[in-house]
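Every number in this text was worked out from the coordinates using simple rules, so none of it is lab data. Quantities reported herein were computed from a predicted structural model and do not represent experimental measurements. Backbone-built Cβ (ideal geometry, glycine too); neighbour counts: all protein chains shown.
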Amino acid sequence: MKLAELAKELEISTESFIKFIQDFDLELSECIATNFDVKKDFEKFAKENKSFLKKYDADLGQNKSVEDIAKNIQQPKDKVAEILEKDKIKVYDNGFYKSSISSYGIHQKLGGNYQFVYDYFGKKTNLSERDFIGYRDLFFFISKTLDPFLHLAPLTDWGIHKPAGIILYGPPGSGKIFWANKIAEIVDYQFKQIKKYYFGTSFVDGRRANFNDFLVEMMKEDKVLLFMEEFDVIMSERSEEKSVSSCDEETKEIVLHYVSQFEKEDLLMIGSANSLVDIDDEILAPGRFDVTIPIFPPNAHERAEMILHYLKENLSKDAILMKILETNNAHHLPFWKEISSKMKVFSNTMIIDFTQSLKKKIRDIYLKNSSLKITINEKLLESAFREAAAKLTGEYLNQVAQFLQDVSINNYDDFPKRIEALKVELDSYKMVEKPIKTIGFTHNGDQES
């Protein structure tokens, strides 16, 4: 059963189910699959607690003030206001909060007893078995964006067309190709990556071919997602100050020529960009690549989950590394909280670098001593941390700063908490040079003040 089918059966909006999963911090893999098939435990919970979910749905649809929320959940107004301020939730001029705010979600954060919810989800999915870690907000945002692919109603009832092109933008190493693959999985399209040599003239089976020929062939195939890296470079705008290669300019013109046919031919093109600022306005025009999705570096909690995931990935239960992790109680999430909090604005790639470095260091110690009595201490962690931080260059930090500027303009209301948290992490790397007091970024994670 799909989530939309369950929502229709219980007469509760799909949006309410999505917000409920986020409000109550439920593990996504225990509720729904990537293709929005509902898991058995979640279906059982929803049907047996229909009356509560109805109340949740009704409350979610109401604009309400701090006083209204406090009265509804019988909590002090100052405590409610504190939660709303912490979550960076916008308030209307008349003092009312948007209808997407749940009184029950706030009550849960204030210690309300909702054990009856968690009783249905007692068995936690192992990190190594999850489709992806964290990013529930981004997953649901992307899924909402893809709704025209999943249901015919947006087109037949509202005239809303499927996007022809989507731009995933974010700092290097944040996982844009992962999310492009995930989008292909959600909409059930073939994932195909556009190789750089496609842009020039090449010979295939003795026949001369170019990017125009390649794109025409792709439109003939059934349901294809084309992924293009360096989209912001290839699709940049030519100006007096900036020249564009003739090959890139030709590629851009070919895409502009065919983009209006993409929807009809069941082709979706996804571009990967570090920034939106240099992309030609013609590319971003309505009906072209007018859908932009920000791909954030992981937050502190997601970093801890990723560390544990990549350390345990592909290990058998009796693996030597697993035994060493267990001896240090490092096979549980709390062990990694402290080091992950130091990895401010680390990309996914940097997290992987850290885990690979740590694995090698632990293995070297094991080979030297032939003993499982290895302590994963601060010295060992800091050594791996420094190696991973080698990619935390001034250039990368400036790319994060540009991303923050882009996302604040284009998607602030969608991700206020993530944006504010990332700003705080980025600001920790700023330095003030006396007496000039210019602001810049330090190198390799070293902080100066």
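Could you compute the FRET efficiency for T327 and A421, with r as their C-beta to C-beta distance and R0 at 56 Å, rounded to 0.05?
Working: r = 33 Å, r/R0 = 0.60.
After rounding, the FRET efficiency stands at 0.95.
Here is the link list: K144/K220; K196/K264; K144/K195; K8/K47. Which ones come out longer than 18 Å on Cα distance?
Where the Cα-Cα span goes over 18 Å, the pairs concerned are K144/K220; K196/K264; K144/K195.
Taking only Cα atoms and a 10 Å spring cutoff, compute GNM fluctuations for the chain and point out the largest among E420, E185, E48.
Largest GNM mean-square fluctuation: E48.
Once you list every other residue whose beta carbon is under 13 Å from the beta carbon of L321, what net charge do they have if Lys and Arg are +1 and Asp and Glu are -1? Please list the in-between numbers first.
Numbers: positive: K312, K317, K323, K359, K360, K361, R363; negative: E313, D318, E326, D364.
Around L321, the surrounding residues sum to +3.
Report, in listed order, any pair from K323/K344; K223/K252; K192/K391; K337/K361; K19/K162; K39/K373 with a Cα-Cα distance greater than 31 Å.
K39/K373
Under the classification rounded if a/c is under 1.5, otherwise prolate if a/b is larger than b/c and oblate if not, where does the chain fall, given a ≥ b ≥ c as square roots of the Cα gyration tensor eigenvalues?
Rounded, because the longest to shortest axis ratio a/c is under 1.5.
If you plug each phi of segment 347-362 into the Karplus form 6.51 cos²θ - 1.76 cosθ + 1.60 with θ = phi - 60°, what whole-Hz ³J(HN,Hα) values come out, in order, with x for Gly and Pro?
Working through the residues one at a time gives 7, 4, 4, 5, 5, 5, 4, 4, 5, 5, 4, 5, 4, 5, 5, 5 Hz.
Pull up all non-local amide H partners of K430: gap of 5 or more, or a different chain, and H-to-H distance under 5 Å with H placed in the peptide plane.
Under 5 Å from the amide H of K430: no residue qualifies.
Considering only the other residues whose Cβ falls under 12 Å of the Cβ of A401, what net charge follows from Lys and Arg at +1 and Asp and Glu at -1?
-2
From the backbone phi of segment 260-269, what are the Karplus-calculated ³J(HN,Hα) couplings (6.51 cos²θ - 1.76 cosθ + 1.60, θ = phi - 60°) in whole Hz, Gly and Pro given as x?
5, 9, 4, 4, 4, 8, 6, 10, 10, 9
Roughly how far apart, in whole Å, are the Cα centres of segment 338-408 and segment 25-47?
33
Return the sequence-ordered ³J(HN,Hα) values of segment 285-299 in whole Hz as given by the Karplus equation 6.51 cos²θ - 1.76 cosθ + 1.60 applied to θ = phi - 60°, using x for Gly and Pro.
5, x, x, 10, 9, 8, 9, 10, 10, x, 10, 7, x, x, 7
Using 7 Å Cα-to-Cβ label points, what is the E282/K368 separation (nm, one decimal)?
It works out to 6.1 nm between the two label points.
Using modelled amide H (1.01 Å from N, peptide plane; none on Pro or chain starts), what sits under 5 Å from the amide H of S65, excluding residues fewer than 5 places away?
Y97
Select from I32, I351, I362 the residue whose mean-square fluctuation is largest in a Gaussian network model of the chain (Cα-Cα springs shorter than 10 Å).
Maximum fluctuation in the GNM of the chain, among the listed residues, is at I362.
Non-local amide H neighbours of K2 (under 5 Å, H modeled in plane, Pro and chain starts lacking H): which ones?
V38
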